[in-house]
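The structure appears right after this line, and notes come after that.
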Amino acid sequence: MKKNILDKKSIVEINKNLCDGNISAIDIAEEVINNFQSSNSSQNAFVQFDDKKIIESAINIDKKLKTIKCPPLCGIPISAKDLFGVNHYKTRAGTPKELPKKWESQGPIINILDQNHALITGKTHTVEFAFGGVGINPHWGTPINPWDSKNHRVPGGSSAGAGVSLCTNTASIALGTDTAGSVRIPASVTGNVGLKTTKNRWSTNGIVPLSKSFDTPGILTNTVKDAIYAFAELDKTSLYYSAEKNQKIQNDFKFTAIICDWFFEKCEASIYEEIHQVLKKIETKNKIKNIQSIKEIDESYNLFTKGGLAAAEFASFINGEMIEMKNTLDPNVSFRIKDMHTFSAIEYLQRKDLLEDMGKSIQDKFKDFDVIISPTVPISPPTVKELEDQKKYSEANGLMLRNTAPINLLGLSAITIPVALDHNKMPIGLQLVTPAHSERKLLSIASQIEILIGNKYENLL
């Protein structure tokens, strides 16, 4: 078995080495399995990991490569959050039971990975039904953030195992979903890149829903360079692909950024300081404007704190399709929907209309600038033990979701990139926000920043 074929290797490098015959899919599979065996007891990224399935897939990939041209994601090890339907894998969505068979059916994202002959490495842990920002799951155990295994700091949620799978080299791309920050939060606190696409850009078919209004599939990668490469292939599932495919992603894109004080109001001191040091580097080549607040951000966050749309949609799903799961829900999940029976249809529709209007309003404001830059998560990830207290859990969950949730409510696109370490030596993420369906501009800005300040291997490790 060839060794170290994944560690600090880009997706391009892995794919090229496979296509050139320097390594085999079996080599990749064996390294993934070895990495899993050496890390899972201490990190617990996966809820389902099957050595035999991985080896079988690798054998089939090697056979295919004798007769076909090597696709862009061929052989790339990819983990899937346990909301995605994947052939031959059960779907539990973080619950103690298997969901009905229909939730094992694959959607467009998994199908395009199959067409690429990618190597699915397993199903990663999620907060039950993806309803939480810290990453805790009492049914299956909470993955351990690899940056502080000793104190068992949370990995971020709801895609709790996704970032951990990247850190342990059991995946080079991790599939997640983002309803209020569930890709960006785990990416941020595990030192990875997390891309949240615009709502409805990538299909949610074949994915267990939390909120039909706000769920968006997303990806976690080690670097922006990897995110750009993966996006290019996965975006072929988008209805917007044909119109946008000739738009190039540029790493020398000069931009005007807005820094809004609101995003920094709850920041811990070390995060505040590190982010501002990064902003100074960014400002050497770009224009940055500071403003106190953005009306639409303030108002959408106020709606978020009241509960409502996502909670109401989830309550409807549970009471309609998953009623048998209701009595076994994680108390932290059931607590968030306990009052939804009093939430009227009129109020629901009024809030939807209000958010739609606010989304259009903030889109117009982007005529004056290119991107909003903020901390992704304003606090250092707490320990699991600290969150055993219900009040402390609620406080931490709210803070971890604070800077990301308004972005979903307003229908914007966003990415987080790793930029520094906080006072606990935990990763800090920088959130970049652009208008709806401006992913190529977003990735161009992220690419330039990564070149300016370095990727995670250069500025964190």
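The values are calculated or read from the model by the stated rules, or taken from the named source; none is laboratory data. This one's a predicted model, so the numbers in the text were calculated from it and none came from an experiment. Backbone-built Cβ (ideal geometry, glycine too); neighbour counts: all protein chains shown.
A few remarks follow.
- Complete set of residues in the stretch 154-175 that are part of a helix (DSSP H, G or I) and more than 17 Å from Val134 (Cα to Cα): Leu166, Cys167
- The lone criterion from (1) small (Gly, Ala, Ser); (2) surrounded by 22 or more Cβ atoms within 10 Å (Cβ to Cβ); (3) assigned to a helix (DSSP H, G or I) left unmet by Ser182 is number (3).
- From Glu347, Glu324, Glu274, residue being surrounded by 15 or more Cβ atoms within 10 Å (Cβ to Cβ), in a helix (DSSP H, G or I) and among the charged types (D, E, K, R): Glu274
- Odd one out for Glu98 among (1) surrounded by fewer than 16 Cβ atoms within 10 Å (Cβ to Cβ); (2) more than 23 Å from the chain's Cα centre (by Cα); (3) of a type in the set (Asp, Glu); (4) part of a helix (DSSP H, G or I): (4)
- Condition check for Ile297: touching a Lys or Arg at 6+ places or on another chain (Cβ under 6 Å), of a type in the set (A, V, I, L, M, F, W, C) and either within 27 Å of Lys365 (Cβ to Cβ) or in contact (Cβ under 8 Å) with a residue 40 or more places away in the chain (or both): no
- If you go through the stretch 422-460 and keep only what is in contact (Cβ under 8 Å) with a residue 12 or more places away in the chain, surrounded by fewer than 19 Cβ atoms within 10 Å (Cβ to Cβ) and at negative phi, you end up with His423, Asn424, Ile451, Leu452, Ile453, Tyr457, Asn459, Leu460.
- Note on the stretch 2-53: residues that are aliphatic (A, V, I, L, M), farther than 10 Å from Thr170 by Cβ and in a helix (DSSP H, G or I) amount to 8.
- Note on the stretch 277-294: residues that are among the charged types (D, E, K, R), part of a loop (DSSP other than H, G, I, E, B) and in contact (Cβ under 8 Å) with a residue 60 or more places away in the chain amount to 1.
- Of all residues assigned to the stretch 198-210, none qualifies as being closer than 25 Å to Phe84 by Cβ, in contact (Cβ under 8 Å) with a residue 40 or more places away in the chain, of a type in the set (Ser, Thr, Tyr) and surrounded by 24 or more Cβ atoms within 10 Å (Cβ to Cβ).
- Candidates are the residues of the stretch 383-418 that are in a helix (DSSP H, G or I) and of a type in the set (A, V, I, L, M); the one that is surrounded by the most Cβ atoms within 10 Å (Cβ to Cβ) is Met400.
- Condition check for Ala130: within 28 Å of Leu387 (Cα to Cα), in contact (Cβ under 8 Å) with a residue 40 or more places away in the chain and either touching a strand residue (DSSP E or B) at 6+ places or on another chain (Cβ under 9 Å) or not aromatic (Phe, Trp, Tyr) (or both): yes
- Of the residues making up the stretch 289-317, those that are aliphatic (A, V, I, L, M) and buried (at least 16 other Cβ atoms within 10 Å of the Cβ) are Ile294, Ile297, Leu303, Leu309, Ala310, Ala311, Ala312, Ala315.
- Ser158 falls short of the stated requirement of being among the small types (Gly, Ala, Ser) and surrounded by fewer than 21 Cβ atoms within 10 Å (Cβ to Cβ).
- With respect to the conditions (1) closer than 20 Å to Pro96 by Cα; (2) surrounded by fewer than 16 Cβ atoms within 10 Å (Cβ to Cβ); (3) touching a residue at least 40 places away in the same chain (Cβ under 8 Å); (4) in contact with a helix residue (DSSP H, G or I) (Cβ under 7 Å, 6 or more places away or on another chain), Val333 lacks only one, and its number is (2).
- Matching option when the condition is under 25 Å from Leu399 (Cα atoms), in contact with a Lys or Arg (Cβ under 9 Å, 6 or more places away or on another chain) and among the basic types (Lys, Arg), among Lys81, Lys150: Lys81
- Matching residues, the stretch 248-271, being surrounded by 13 or more Cβ atoms within 10 Å (Cβ to Cβ) and over 27 Å from Met400 (Cα atoms): Ile249, Gln250, Asn251, Phe253, Phe255
- Subset of the stretch 350-370 [among the small types (Gly, Ala, Ser) and surrounded by fewer than 18 Cβ atoms within 10 Å (Cβ to Cβ)]: Ser361
- Of all residues in the stretch 359-382, those satisfying the criterion of being small (Gly, Ala, Ser) and not in a helix (DSSP H, G or I) are Ser374, Ser380.
- Number of the exception - Asp7 against (1) under 27 Å from Thr142 (Cβ atoms); (2) surrounded by 14 or more Cβ atoms within 10 Å (Cβ to Cβ): (2)
- For the stretch 27-70, residues that are surrounded by 19 or more Cβ atoms within 10 Å (Cβ to Cβ), within 21 Å of Gly156 (Cα to Cα) and among the hydroxyl-bearing types (Ser, Thr, Tyr) total 1.
- Test: residue in the stretch 5-13 that is at pLDDT 95 or above and farther than 25 Å from Asn455 by Cβ: no
- Ser316 being more than 23 Å from the chain's Cα centre (by Cα), of a type in the set (Ser, Thr, Tyr) and part of a helix (DSSP H, G or I): yes
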